[in-house]
Each structure stands twice: as C-alpha cells, then as structure tokens.
1. Can you give me the distance in nm between label points at Ser467 and Phe597, each placed 7 Å from the Cα along the Cα-to-Cβ direction?
2. Just to confirm the filter: which GluC sites (Glu not before Pro) across segment 574-653 are DSSP coil and have at most 14 other Cβ within 10 angstrom of their Cβ?
3. Can you put Asp447, Asp392 in order, fewest other beta carbons within 10 Å first?
4. So if we plug the beta-carbon distance of Ala477 and Glu640 into 1/(1 + (r/R0)^6) with R0 = 25 Å, what FRET efficiency do we get, rounded to 0.05?
5. For Asp162, what is the net charge nearby, where nearby means another residue's Cβ is under 15 Å from its Cβ and Lys, Arg count +1, Asp, Glu -1?
6. Distance cut-off 23 Å, Cα to Cα: go down the list Lys44/Lys124; Lys130/Lys164; Lys308/Lys552; Lys51/Lys163 and report the pairs above it.
7. What FRET efficiency, computed as 1/(1 + (r/R0)^6) with R0 = 30 Å and r the Cβ-Cβ distance, is obtained for Arg612 and Ala191, rounded to the nearest 0.05?
8. For segment 48-133, state which trypsin sites (Lys or Arg not before Pro) are in a DSSP loop and have at most 14 other beta carbons lying within 10 Å of their beta carbon.
Amino acid sequence: MGWKETLGAWLGLEAKRAPAAGALPFVAAGNDARPMQGEWSTQKAIDEGLKASTWVYTACRRISTALASVPLIVQKRSGDEWQADPGHPLQALLDRPNPFMSRQDMLERWALHLELGGNALWHKVIVGGKPVELWPLKPDEIKVIPSRANFIAGYEWGQGSDKKRLAPEEVLHWQFVDPSTPYWGLSPLKAAAQAVDTDLAAVRWNRAVLANDGKPPLAVFLSDQLDAGQQELAARFIQGQIDGNSVRKALVLGGASKVQTLSLSAAEMDWLDGRRMSREEIGAVFGVPPTLMVAGQEVTFANLDAAKRILWEDTVVPLLDDLCQGLSMGLLPHWQAEQTHRIVADLSGITALQENMKERAEAAKVLVEAGFPINAVNQRLALGFAPIEGGDIPRQPVLPTQAPPGTKARRLRFERKDKGDGVTEQLGRMDEWSAEIRKKVSALLLDQGNAVASAYAAGEDWEGELSLDDWETLLRAIHTAVIEAEGAVAYTALLGTITATGGGGAFDVLADGVVEWIDEHVGDNIKYIDDTTREALRREITAGVEAGESTKDISKRLRALHEDWSGYRADRIARTEVASAFGAAHQQSAEQLAAEFQVEMVKTWRATGDSRTRDEHAAMDGETVALSESFSNGLMQPGEPNCRCVVTYEAAK
C-alpha cells in the first residue's frame with residue numbers, strides 16, 4: 001500500500017498515484033523527509049486520563065467495547081448486490097489478525113488509541129505481497145516522514161535506540177482530523193484536558209476534606225507570651241500532628257490561650273455539582289451521553305435505552321465507517337479487489353439500532369409513494385434488504401383520488417351547507433357525540449400521562465402504564481352506544497322509504513355483523529393509538545436525553561405531552577371514532593333492512609363540504625355504489641382519521 005491508500009484511509013479521499021501537476025506541497029522544504037511526531041503523548045493520556053479519571057475511563061470503555069463487539073464482514077459484489085464472502089483470505093485475517101490477538105482485542109486497542117491519542121496505527125506483516133498478520137503500533141513510537149513529492153515517504157518506528165523505517169504500504173493509519181496538520185491526528189482528550197484536570201482536582205480536594213472529618217479540625221490561637229521562634233516551632237508541631245489520621249483526636253498544648261473548631265460552608269462543600277459538570281463536558285467531547293457514564297437515580301430503563309441508541313448512531317457507527325473504509329483501502333489492493341469486494345460492519349445484531357426500524361420503514365413508505373426508487377430508499381435509510389429487480393426505476397407517485405372527468409374543480413368552502421336527505425341532522429348528531437366522547441378520551445389521556453410520568457421519575461417501567469385494556473373498554477363502550485343509538489335512527493328513517501306504512505322490525509345492535517365490526521375495529525384502533533403514543537413518548541425521552549436533562553425534567557416532558565394530547569388529540573380520536581361508528585351504524589342498518597325485505601340498495605358518499613374536507617373526499621361527493629361494494633377509495637363507509645363525511649342509503653331504482 002502506497003501513500004495514496006494511506007492518505008485515503010486518513011482523509012477518505014479518492015486514491016491517486018501522485019499529486020497532480022502544480023499541486024502545492026503540504027510540508028515545508030526544510031521538513032521534507034524529516035520524521036515528525038505530534039506534541040501529544042498517548043502514554044501520558046493513558047496515565048493521567050484513562051487510569052486516573054473515572055469519567056475518561058467510562059467514556060472510552062463504552063466506545064471501545066461497543067465498537068469491538070461488531071463483526072467485520074468481507075463482501076463480494078454480485079451484480080447490484082453485495083454478498084458475504086467468508087472464504088476470502090482477508091476474512092480470516094480480520095477474524096484473527098495475529099496469533100496472540102483476536103479481532104476484539106485489536107478493535108478495542110484501535111478505539112482506545114484513537115480516543116486517547118487521536119491516532120491509531122497498525123503494522124501489516126506482508127509475505128509474498130499479501131498481509132498475513134496485523135499488529136497494533138503504539139502512536140508514541142511512530143513518527144511520520146512527510147514528503148514534498150509523495151506526501152508521505154514512510155514511518156519511523158523507535159523504541160529507545162532501536163529504530164526502523166517502515167514503508168507507507170506497511171502501515172494502516174487512522175486519525176481524528178487536526179486542521180493544523182494532515183499528518184497527525186487530534187486527540188479528543190486533549191480538548192477535554194482542562195475538564196479532566198478540574199475533575200481530578202475536585203476528587204483530590206474532596207478526599208483531603210474527608211480525611212479531616214469534612215473540615216479543617218481546629219484553629220489554635222497561640223499565647224502572645226511565645227516569641228517568634230517558639231510560635232514557629234509550635235505551628236510545625238501542630239501541623240505535623242493534625243492530619244488525616246487525627247480525626248476526632250484532641251490536641252492539648254501548653255501556652256495556648258484559645259482553641260476553636262472550624263467548619264466549611266455549604267457552598268464550599270458543593271463539589272458534587274462540579275464533578276457532574278465535568279462528567280457532562282468530558283462525555284460531550286467523547287460523544288458519550290451522560291446517562292451512560294453514571295449509575296443511580298438518574299438512570300432508568302427508558303433513558304438508558306435512548307442513550308445507548310444515541311451512542312451507537314452518533315459515535316460508534318461513524319467510527320466503524322472510518323475503520324472499514326481504512327481497512328478496505330489499505331487491504332483490498334493486495335488482492336486487486338478494490339472494485340469487487342468491500343469490508344463492512346455487521347450491525348444486524350445491535351439491539352440499540354433496531355428500535356427505530358419501524359420509524360425508518362414508515363419513512364421509506366412515504367418516500368416510495370412519493371416516487372423515489374425503492375432500492376435508493378433502501379440504501380439511503382439503511383434498511384438492510386437486498387435490492388429488488390426493477391427497484392432502481394422511479395415509481396409513479398401515489399396521488400390523491402382524482403375527480404371524474406368533467407367534474408368542476410372544488411371551491412374552497414368555509415361553512416357547512418345543508419345537503420338535504422337528513423345529512424345536516426346526521427352531522428349535528430355526530431358533533432354532539434364527539435363533544436361528549438372527547439371528555440372521556442381526554443380524561444384517559446391525562447390519567448395515563450400522570451401514571452407514565454410518575455413511573456419514569458421513579459425509574460420504573462413506564463410503558464407498563466399504557467394499558468390496552470383501558471382503551472379497549474372505552475372504545476368498545478363508545479362504538480356500542482353510538483351504533484345502537486344511531487343505528488335505530490338510521491333503520492327507522494330508511495324503513496320509511498321502503499314500506500308505505502313504515503312498519504317492520506327494529507335495528508339489532510347484537511347482530512353478527514355489528515359485533516364483528518366492533519371487535520375488528522376496536523382491535524385495530526387501540527393498537528394504532530397505543531403504537532402512536534409509545535413512539536411519541538420514546539422520541540420525547542430521546543430528546544430529553546440528548547439535551548442532558550434530568551429524569552425529573554424528562555418526566556415533566558411526558559406529562560406535558562399528555563396534557564397537550566388531552567386537547568387536540570382527544571378531539572381527533574373522538575371525531576374519528578364517532579365517524580366510524582356512525583358509518584358502521586348506517587351500513588349495518590341498511591344491510592339488515594336489505595336482508596329483511598329482500599331489497600337491493602345503493603349508497604352515496606356525501607362530503608362534509610367545508611374548508612377541512614379532504615380533496616379526495618370532496619371529489620367523491622355524490623359517488624354512488626351498490627350496498628355491498630366499496631367506494632373508489634377502497635372504503636365501505638367513512639372511517640379515516642378525523643373524517644366527517646357520511647353516506648346516505650336508498651333502494652336501487
């Protein structure tokens with residue numbers, strides 16, 4: 001591997017065989033071919049950071065162990081797809097880089113060297129033009145040899161007087177970019193050095209205070225009968241006896257005229273807040289959420305899961321991308337496989353990354369329906385599915401249902417108009433039911449919000465407070481009551497149009513068709529409501545964790561969200577459920593009458609006709625189909641969220 005692959009592995013640039021003619025050199029003439037080393041010591045970072053600071057150790061351990069847990073896979077291109085190539089020699093090299101280290105050992109050291117020193121370097125042992133072993137190099141033992149002509153002339157390895165020059169193709173080098181030089185990386189710990197020093201000073205101060213019972217033990221006022229020499233001698237004697245081992249011990253000196261105990265103020269003892277601030281600052285530099293760096297009351301299952309997902313998405317996955325790109329550019333050329341193979345991280349087993357699959361699937365549906373090629377959407381959202389045949393061709397966007405030819409464009413309406421046929425009266429009854437049911441839905445949302453917030457604040461399972469039974473009980477009661485009342489009205493009105501006397505049976509709310517509709521509709525809707533609630537709460541928790549909020553503050557977020565829902569969401573749920581129940585009541589009453597009197601019936605879609613009516617529903621206004629058929633939008637009767645359209649029924653002519 002020449003300097004081109006090394007540079008590409010560092011900076012993610014396209015490999016070139018030589019700088020273009022006229023390109024300005026990075027290195028000054030006086031430094032050409034002279035070994036250079038960064039001013040930051042990785043060993044010092046290990047001694048004074050990793051081994052001394054609990055926050056640095058915790059952050060680095062979180063990153064290194066997470067990254068090292070991911071398998072590295074060699075894949076081969078097969079047409080437009082990539083398939084694992086377990087028999088490739090490079091796969092065996094990645095799984096066992098050398099006789100003494102596993103893949104996990106190498107990757108943990110890689111991550112620690114990068115986080116602490118800003119650079120990670122591996123030595124390739126090349127035999128017959130192929131790397132047979134990979135070994136980690138200590139960054140402090142390596143110097144880059146810059147070149148004005150070739151960018152990098154090589155590397156100098158040294159341990160004391162033992163030195164060796166390595167060719168560029170023998171070394172893999174990753175770095176965190178330092179804008180001041182392209183040859184050596186910038187350590188995150190260097191940026192966090194002051195925060196680490198401040199935290200260590202707080203620890204030392206607290207230990208010293210605790211060793212003396214939390215305060216300087218005594219103030220001794222010496223007698224003015226002592227001369228200066230005697231006072232100095234007494235002071236040294238006192239200071240020598242009052243140390244961490246003299247806690248609660250009395251000291252008696254002749255000649256002292258006054259002894260007074262001392263204490264520290266609350267402000268002076270408030271070192272814990274200082275440590276917390278240091279923890280958050282250090283965590284921010286390394287890209288580790290504060291929740292993952294502490295245990296106790298601040299940690300709950302909910303914010304812990306959200307923090308793990310943030311760690312993987314914002315820190316570990318980008319590091320894995322850097323690792324795999326560097327490995328691909330530095331190793332594949334030895335097999336002339338740059339165009340046929342690649343090295344990727346297998347993230348399929350990472351639980352923290354699977355939780356947002358549903359959100360990505362929903363986003364994919366929206367993009368595909370908007371006309372984007374399905375294979376492009378799959379790749380963009382990293383869904384992990386194999387490309388499908390024809391998936392690179394843009395799809396026809398899914399547009400709202402168009403009005404039939406010759407239909408005039410709908411005008412913007414601001415007021416509901418009397419449509420006749422009892423429609424206005426029916427819409428009025430719907431409004432009355434919606435207002436009543438909204439109160440019950442609002443009360444349930446508030447009750448669940450209080451329960452969820454309290455459980456989260458206590459570190460308990462907040463999702464267990466979202467009971468499906470509560471929603472099932474409420475929705476089943478709503479649909480039964482509405483269908484029974486409205487079904488009787490619809491049955492009586494429709495019966496009068498069929499028989500001259502208006503005589504006949506009565507609407508049966510316990511008929512099989514009614515019971516089956518309620519069972520199916522309630523089951524589908526409570527799942528939709530519950531899924532929507534859980535996803536929204538998880539997003540709110542994630543937002544709170546990313547903002548560094550406490551458990552108490554996040555619980556307030558959850559309570560406030562439910563309070564908002566008790567208004568607009570309660571209204572939407574109430575209107576949706578009432579509209580669905582009204583639609584079912586009229587459909588079922590018509591079906592019962594058609595069966596009882598052996599009458600063929602038809603139904604007509606009636607749009608509400610105000611500014612809130614959907615365009616596609618307005619375009620369907622007046623559409624008539626047989627009783628047993630669906631309308632052009634695939635529905636038997638209105639029932640979409642927040643829909644207020646109705647259907648009228650009559651005997652076929």
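Laboratory data are not the source of any read-out in this text; all were calculated from the coordinates shown. Everything numeric here is computed off the predicted structure, so don't read it as measured data. All Cβ positions, even for glycine, are placed from backbone atoms using ideal geometry, and neighbour counts span all protein chains on display.
1. 4.6 nm
2. Numbers: sites: Glu577, Glu591, Glu596, Glu600, Glu616, Glu623, Glu629, Glu650; in loops: Glu600, Glu623, Glu629.
In loop regions of segment 574-653 (DSSP not H, G, I, E or B), the sparsely surrounded GluC sites (Glu not before Pro) are Glu600, Glu629.
3. The most exposed by this proxy come first: Asp392, Asp447.
4. Working: r = 22 Å, r/R0 = 0.88.
The value I calculate is 0.70.
5. Net of charged neighbours comes to +2.
6. Values: Lys44/Lys124 26 Å; Lys130/Lys164 21 Å; Lys308/Lys552 19 Å; Lys51/Lys163 29 Å.
Too far apart for the 23 Å limit: Lys44/Lys124; Lys51/Lys163.
7. 0.05
8. On the way: sites: Lys51, Arg61, Arg62, Lys76, Arg77, Arg103, Arg109, Lys124; in loops: Lys51.
Counting only loop positions with at most 14 other Cβ atoms within 10 Å, the trypsin sites (Lys or Arg not before Pro) in segment 48-133 are Lys51.
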